[in-house]
Amino acid sequence: MKVLFVTTEMDDFVRVGGLAAVSAALPRALRPWSDVRIMLPGYRDVVEQFTHIEIVGQCAPLADMPACSLGRASTRDGLPIYVLLCPQLYDRPGNPYGDGPDNDVRFGRFASAAAQLAAGNLDKNWAADLVHANDWQAALAPAYLAWKNSRIPSILTIHNLAYQGLYPKESLRRIGAPESSFHINGLEFYDKMS
């Protein structure tokens, strides 16, 4: 089974909370039974730790989300890592989540690229059988798959319910989400996009 583990933290590169430990341990524990690959945003702390990142795909702009490149590298023990390279969104000082007004775009771009990768549209030599999205920053990956009628199953793990990624309804347009997704069984949460 080919598993795409979509996360914003990993002990090997960047740590803000407990997600980083899970993101480092769980994919390694699954390696004997699965082709597990991790996808991370191209934060400065991530990119600087690789001596070489091979570009394997390009994401076209979508709504207010800029074009970006997808790179592939690996950890010291050979775990494949995909890095979403978009300096204008991820090469920022400080906390990787930031408090900027564009986190909807930053993580919408990340999730949409993860869906493209899972579907085999970015790395022509790999596609996922399962997507494991972690926390709100990756939670839209299954939605982007569904909006493209993909049948790739997904799992969403919530590591900290206190952080939910709530944005005004106008964010739907900014991230290229269909207006029809704004309902209680979709992206709507008390008249906000979640």
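The values are calculated or read from the model by the stated rules, or taken from the named source; none is laboratory data. Because the structure is a prediction, the values reported are computed rather than measured. Methodologically, a virtual Cβ is constructed for each residue, glycine included, from the backbone with ideal geometry; neighbour enumeration extends over all protein chains shown. Heavy atoms of the whole protein, side chains included, go into the accessibility calculation; ligands, DNA and RNA do not. Shrake-Rupley method; radii C 1.70, N 1.55, O 1.52, S 1.80 Å.
Using a Gaussian network model of the chain with C-alpha springs under 10 Å, which one of 108, 94, 18 is most mobile by mean-square fluctuation?
Residue with maximal mean-square fluctuation among 108, 94, 18: 94.
I'd like to check one number: the per residue accessible area of the stretch 50-149, probe 1.4 Å, reported in Å² as a whole number.
Working: 4170 Å² over 100 residues.
For the stretch 50-149, the per-residue accessible area is 42 Å².
For residue 192, which lysines qualify as cross-link partners when the Cα separation must be under 26 Å and same-chain residues fewer than eight apart are set aside?
148, 169
Along each of the three principal axes of the Cα atoms of the stretch 57-165, give the extent in whole Å, ordering the values from largest to smallest.
Rounded to whole Å, the extents work out to 35, 34, 27 Å.
Could you work out the per residue convex hull volume over the alpha carbons of the stretch 1-60, in cubic angstrom?
Hull volume normalised by residue count: 105 Å³.
So if a site counts as exposed when it's one of the GluC sites (Glu not before Pro), its DSSP state isn't H, G, I, E or B, and it has at most 14 other Cβ atoms within 10 Å, what's the longest stretch of the chain without one?
Values: sites that count: 48, 170.
The answer is 49-169.
Give me the orientation-averaged projected area of the Cα convex hull of the chain, in nm², one decimal.
On the way: hull surface 40.5 nm².
Hull-based average projected area comes out at 10.1 nm².
Counting other Cβ atoms within 10 Å, which trypsin sites (Lys or Arg not before Pro) in the stretch 50-109 have at most 13 and lie in a DSSP loop?
76
Would you mind calculating the relative contact order of the stretch 1-56 from Cα pairs under 8 angstrom and at least 6 residues apart, reporting the percent as a whole number?
It comes to 42 percent, rounded to a whole number.
Enter the Cα centre distance for the pair the stretch 103-134 and the stretch 25-66, rounded to the nearest angstrom.
9 Å
What residue among 125, 160, 134 has the largest mean-square fluctuation in a Gaussian network model of the chain, using Cα springs under 10 Å?
Per the Cα network of the chain with a 10 Å cutoff, 125 tops the list.
Across the chain, where is the longest run that never hits chymotrypsin sites (Phe, Trp or Tyr not before Pro) in a DSSP loop with at most 11 other C-beta atoms within 10 Å? Could you put the intermediate results ahead of the total?
On the way: sites that count: 33, 190.
Looking at the chain, 34-189 is the longest stretch - no exposed chymotrypsin sites (Phe, Trp or Tyr not before Pro) with at most 11 other Cβ atoms within 10 Å.
With a/c under 1.5 counting as rounded, go ahead and sort the stretch 1-114 into rounded, prolate or oblate using the C-alpha gyration tensor (a ≥ b ≥ c being the square roots of the eigenvalues; past the cut-off, prolate if a/b is larger than b/c, else oblate).
prolate
Based only on the alpha carbon positions, what is the Kirkwood hydrodynamic radius of the stretch 144-194, in angstrom? Display every interim value, and only then the final one.
Working: mean 1/r = 0.0820 Å⁻¹.
Its Kirkwood hydrodynamic radius stands at 12.2 Å.
Using a 1.4 Å probe over the heavy atoms of the protein chains, calculate the carbon and sulfur portion of the accessible area of the chain as a whole percent.
Working: 4930 of 9390 Å².
Percent of accessible area from carbon and sulfur atoms in the chain: 53.
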